[in-house]
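Structure first, commentary second.
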Amino acid sequence: MAAWADAEGFQYEVWTDDNKDLALYYGAARAGQSFADRVTMLLGSDGSLLLEYTEDIAFGTHPNQVLEDCQILFGG
C-alpha cells in the first residue's frame with residue numbers, strides 16, 4: 001500500500017489491515033468473523049476517531065465524499 005500511495009501522491013497514510021487488528025479495534029469486525037465490514041474511518045493524529053462511514057459506501061461517489069470531509073476537517 002505504501003508504494004501505491006506514494007505513486008498516487010497521497011499526503012496521508014493508507015493502511016491495509018491484513019490481520020484485522022484495526023478492524024477489531026475500531027469495531028469493523030468481530031472475533032471469528034472471516035471478513036471485516038466495508039467502512040472508512042478518518043482518524044486524528046492521536047488515533048482518535050473523527051468521522052466514520054459505515055453505510056452506503058459506493059465506489060463511484062464515496063472517495064469524493066471522503067475527500068470533501070477531509071478538506072473540511074484538515075484544511076486544503
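Only the coordinates and a few stated rules stand behind these numbers; no lab work does. Being a predicted model, the structure only gives us computed values, none of them experimental. Note that we place each Cβ from the backbone using ideal geometry, even for glycine, and neighbour counts take in every protein chain shown.
If I ask for residues that are hydroxyl-bearing (S, T, Y), assigned to a loop (DSSP other than H, G, I, E, B) and over 23 Å from G9 (Cβ atoms), which ones from the range 19-76 would you list?
At the first step, the residues of the range 19-76 found to be hydroxyl-bearing (S, T, Y) are 25-26, 34, 40, 45, 48, 53-54, 61.
Adding the requirement that they be assigned to a loop (DSSP other than H, G, I, E, B) leaves 34, 45, 48, 54, 61.
Residues satisfying the conditions are S34, S48, T54.
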- [ ] Search the range 17-76 for residues being surrounded by 11 or more Cβ atoms within 10 Å (Cβ to Cβ) and among the β-branched types (V, I, T), and hand back the single one that is nearest to the chain's Cα centre (by Cα).
- [x] T40
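Would you pick out the residues in the range 43-69 that are within 17 Å of M1 (Cβ to Cβ) and either touching a residue at least 12 places away in the same chain (Cβ under 8 Å) or among the aliphatic types (A, V, I, L, M) (or both)? Write out each step before concluding.
In the first step, residues of the range 43-69 are kept if they are within 17 Å of M1 (Cβ to Cβ); the result is 43, 63, 66.
Across the range 43-69, the qualifying residues are L43, V66.
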